[in-house]
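The values are calculated or read from the model by the stated rules, or taken from the named source; none is laboratory data. All values reported here derive from a predicted model rather than from experimental measurement. Note that we place each Cβ from the backbone using ideal geometry, even for glycine, and neighbour counts take in every protein chain shown.
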Amino acid sequence: MKKNLLIVDDDFDTRFILKKVLENEGYGVSLAQNEIETFEALAQTPINLILLDLKLGSTSGFEICKKIKNNINFSGIPIVSITVSQLEEDMIKAIEYGFVDLIGKPFNNKILTTKIASIIRFKEEEEQLRKSRKELIRLNRYTSIQKDLLSQEAEFSRDLNQFLDAESKKEFIRERFPGFLGARLFTIFSIDENKREFKLFISNHEELPHNLVVPVDSESIMYEVLRSKKYLFLQDFNETRYKKNRREKYLTDYVCCVPLISGHRTIGVLNVNDPDSSDIDRFDFEGRIIRTAGHLAVSLHNTILYEKVRDLSMRDSMTGLFNFRHFLDALRHEMERAQQNEEHLSCIMLDIDNFKAVNDNYGHQAGDLVLKELARSVSISVRSSDIPARYGGDEFVIVLPKTDKSLALRLAQRLMRLFSGKSIRIPDGNKSIKVTLSVGIAEFPGDTGDMDELMKMADEALYRAKSTGKNKIVDYSQD
């Protein structure tokens, strides 16, 4: 690249000779003979070196040098003095004012051009060294930041994996995720491939229901990520082809959608919206999301497996309802909560009438079908907050939190209508049989404040129902 020099001298012959010599060496040359022309030339052309005479008529070259050095735009340009003066005090003063060298008049062309080339080369090397030092400082700072980020990610992953159960993990993610990622909003969906739907696992969108289910839509961004198993980072979501279900809650159009892949299986999708800062380093931000999605996928997969195993351990293998051990734990927990919050809680016990006769007359396979049909009817009748369980044999129990006796009675009546007298097809000769239920109800705190007493009272009410004709509902406190 051509280097540009500025010659500042009020002598025409000197300017002419210097210009010719330096242009022959391949330099671009600008000329000035006073302070005004000097700064005009500096403003017009990038200058690599200035040759400045110390005597410019009424103007001192020292003063021009001082003004150049005080100007932030030109202070880095090396200045060489050209002068006839051989006075020691002028030489010292030139050094003090910032001249990098002094060349006496008349000058030797070879010495002049060699010095100029050397000074420019030294300046370039100095500038390159300065840039390298600045880049090294930047890289050191960047490396330190990346080290801190990776340390934070390792800490987040370690803390995340402390929790196996879904509820504890959700609470941890809800509390730590936004600040950790550096974004305002996020959602994590699991995928049910059999039902072709996304189920909300956790989100900090206040308006989203916790049980939100989103059908797999071929026009949605989540479907595209699920299909391709590749992440998408969109700077302007509203300009894309994906189906728009966005509301005014978003502050930006920036969207991150990342598949959660554990092994070879896609188990869900992570969505991130509204980075904390518009000037955020996208490379770092998106890299963190991708790495975090990897940690999340493995952790959530472990939670899914844990929940499946735990659910199996809490379930009765035949009916799919909760087993007796889980029922006792759940009843104890709900009783404590009801006592603390001064709430009602009801307990329903039910038993299939003449179940022994079903087994004796039609076989145990038919009896199993009847038990499964009752379990299905119970599952249909109860609410999501209720706890239905197989108590043992043909006896079942339901805990109804926040439920007084009148509401428990209505639920029991609904179950009776659904099951009692229903024709159940059995494998023996394509026959159908009809069975009925007996039901007993007890309530906390109306009947008792003790858990064991509550179960005994519900069982006693059930016994009275069976001993007084069966196929009926008996409230413990009724005469």
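General observations
- The conditions of being among the small types (Gly, Ala, Ser), touching a residue at least 24 places away in the same chain (Cβ under 8 Å) and in a helix (DSSP H, G or I) are not met by Ser132.
- Yes/no for Asn161 being of a type in the set (S, T, N, Q), closer than 22 Å to Gly287 by Cα and surrounded by 11 or more Cβ atoms within 10 Å (Cβ to Cβ): yes
- Residue within segment 424-447 that is surrounded by 19 or more Cβ atoms within 10 Å (Cβ to Cβ), in the same structural domain as Glu343 (by TED's automatic domain parsing) and among the basic types (Lys, Arg) present: no
Residue-wise test of (1) without any contact (Cβ under 8 Å) to a residue 60 or more places away in the chain; (2) in the same structural domain as Leu18 (by TED's automatic domain parsing); (3) assigned to a helix (DSSP H, G or I); (4) more than 17 Å from Ile7 (Cβ to Cβ).
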site: Phe99; (1), (2), (3), (4): yes, yes, no, no
site: Lys115; (1), (2), (3), (4): yes, yes, yes, no
site: Leu136; (1), (2), (3), (4): yes, no, yes, yes
site: Ser144; (1), (2), (3), (4): yes, no, yes, yes
site: Leu149; (1), (2), (3), (4): no, no, yes, yes
site: Ala154; (1), (2), (3), (4): yes, no, yes, yes
site: Arg158; (1), (2), (3), (4): yes, no, yes, yes
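- Among the residues of segment 209-239, those that are within 16 Å of Val258 (Cβ to Cβ) and part of a loop (DSSP other than H, G, I, E, B) comprise Ser220, Lys229, Lys230, Tyr231, Gln235.
- Strands (runs of 3 or more DSSP E) contained entirely in segment 371-472, each with at least 3 residues that are more than 18 Å from His333 (Cα to Cα): 423-426, 431-434, 437-444
- Residue match in segment 326-337 (condition: in a loop (DSSP other than H, G, I, E, B), surrounded by fewer than 18 Cβ atoms within 10 Å (Cβ to Cβ) and in contact with a Leu (Cβ under 9 Å, 6 or more places away or on another chain)): no
- Exactly one residue out of Leu112, Leu129, Leu139 is of a type outside the set (D, E, K, R) and modelled with pLDDT under 90, and it is Leu139.
- Boolean, Ile72 is surrounded by fewer than 17 Cβ atoms within 10 Å (Cβ to Cβ), of a type in the set (Val, Ile, Thr), part of a helix (DSSP H, G or I) and in the same structural domain as Phe39 (by TED's automatic domain parsing): no
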